[in-house]
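The structure under discussion appears below in the form of structure tokens.
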Amino acid sequence: MSSITEVKAGRYTIRGVSVGGVYTCLQVPEIGALFDAGVALRGLVGGEHLFLSHGHADHMGGLVGLLGIRGIQERPRLRAFMPRAIHAGIASALEHMTGMHRFDLSMDIVPVDPGDEHQLRSDLHVRALKAHHVVPTLGYQFFNRVKRLKPAFQGLSGPEIAQRRRAGDDLFDEGERLELAYVTDTLLRVIDTSPSLLKTPVLILECTFLDERRSPERAHKSCHIHLDDLLPRAEEFENEHLVLMHLSQLYKPAEVHAILRRRLPASLYARVVPFAPQSGGWL
Ligand SMILES: [Zn+2]
Ligand SMILES: [Zn+2]
């Protein structure tokens, strides 16, 4: 019996289901995030924030069901980030569905543009990134704002630092500690337009097509990544964990694992987490 897939990538858990063109809905409980709503499953609706990548059905076709399940589970109102281009359409669709349902199916919608940043928690921010797909699409990168001692002060002891602080010295530089990023439905060009993705410790990235059953040219027409795009650039990925998702149903889950093991260089394969069931079929 197929079920929800769950993998670990560093300190993050990624649960859900993702089959390219069919449905994608992922949950990362450590940051209270749901990524896309392509399917509504009872065990896959929890989270404070929903991040929608774009308006294709396999990424938002389960939205009404997800909100309905959250209602029956008496979960708090969802805050949903999404490309500005689709926010009015989603709001109006939910209004119509609420009218039919006679139960509130609305959520707090936050329209975002590439480059926008929002604070989610005291220690967590999100930035929207432009993805390269056939419709307006966003990736999301999560980071923590941190203060680092300026190089000139790095040799000081704790009491000396405290003394300088009391004296009003400006000791710290503001910096960012990258945590995790989610980018689906895009050309691999996204690593050129947002190179910090390559340095994000956990990168959840689409890799829809894996071998000759779909040519790279055809993959590019629908603006998806083919493994052939990734191979020549394998050395650029500095991520601690690269979670590959949105895999096509052309491949059985067992084939996904075998193809990635065979085709990826060992140095990258060791850090790749295929988001596919270990056995059996797709959900
Ligand atoms: Zn898709
Ligand atoms: Zn799409």
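What follows draws every value from the coordinates through simple rules; no lab data is involved. Owing to the predicted nature of the structure, the values given are computational and were not obtained by experimental measurement. Because the Cβ atoms are built from the backbone with ideal geometry, glycine has one as well, and the counts that use them run over all protein chains shown.
Here are the numbers for this structure:
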| item | result |
| --- | --- |
| Net charge of Cβ neighbours under 11 Å - reference Ile259; Lys, Arg +1; Asp, Glu -1 | +2 |
| In Hz, Karplus ³J(HN,Hα) per residue of segment 128-133 (6.51, -1.76, 1.60; θ = phi - 60°; x = Gly, Pro) | 8, 10, 6, 9, 10, 10 |
| Simple label model, 7 Å out from Cα along Cβ direction - Arg261 to Ala167, nm | 6.1 |
| Computed lengthening from Asp113 to Lys252, 0.36 nm per intervening residue step minus Cα-Cα distance | 46.5 nm |
| Dipole moment magnitude, nearest 20 debye, the chain about Cα centre, only Lys, Arg, Asp, Glu C-beta charged | 420 |
| Hz values of 3J(HN,Hα) by residue in segment 265-273 - Karplus curve (6.51, -1.76, 1.60), Gly and Pro given as x | x, 4, 5, 8, 4, 4, 10, 8, 10 |
| FRET E, pair Ser122, Ser279, Förster distance 41 Å, beta-carbon r, rounded to 0.05 | 0.50 |
| 222 nm mean residue ellipticity, helices alone, for the chain (DSSP H n ≥ 4; -39,500 (n - 2.57); rounded to 500) | -6500 deg cm²/dmol |
| Tensor-based shape of segment 57-119 (alpha-carbon gyration tensor, a/c under 1.5 rounded, otherwise prolate or oblate) | prolate |
| Protection proxy ranking of 60-71, 121-132 - average other beta-carbon atoms within 10 Å, highest first | 60-71, 121-132 |
| Summed side-chain charge close to Arg165 - residues other than Arg165 whose Cβ falls under 15 Å, Lys, Arg +1, Asp, Glu -1 | +1 |
| Kirkwood-based Rg to Rh ratio, the chain, C-alpha trace | 1.02 |
| Among beta bridges that DSSP assigns inside segment 72-217, antiparallel share in %, nearest 5 | 70 |
| Computed lengthening from Ser92 to Glu6, 0.36 nm per intervening residue step minus Cα-Cα distance | 27.6 nm |
| Burial ranking of peptide ranges 15-26, 109-120, 82-93, 219-230 (average Cβ count within 10 Å, highest at the top) | 15-26, 219-230, 82-93, 109-120 |
| Mean separation of Cα contacts under 8 Å, 6 or more apart, over the residue count of the chain: relative contact order % | 15 |
| Residues Glu217 and Val135, FRET efficiency given R0 of 25 Å [Cβ-Cβ distance, rounded to 0.05] | 0.80 |
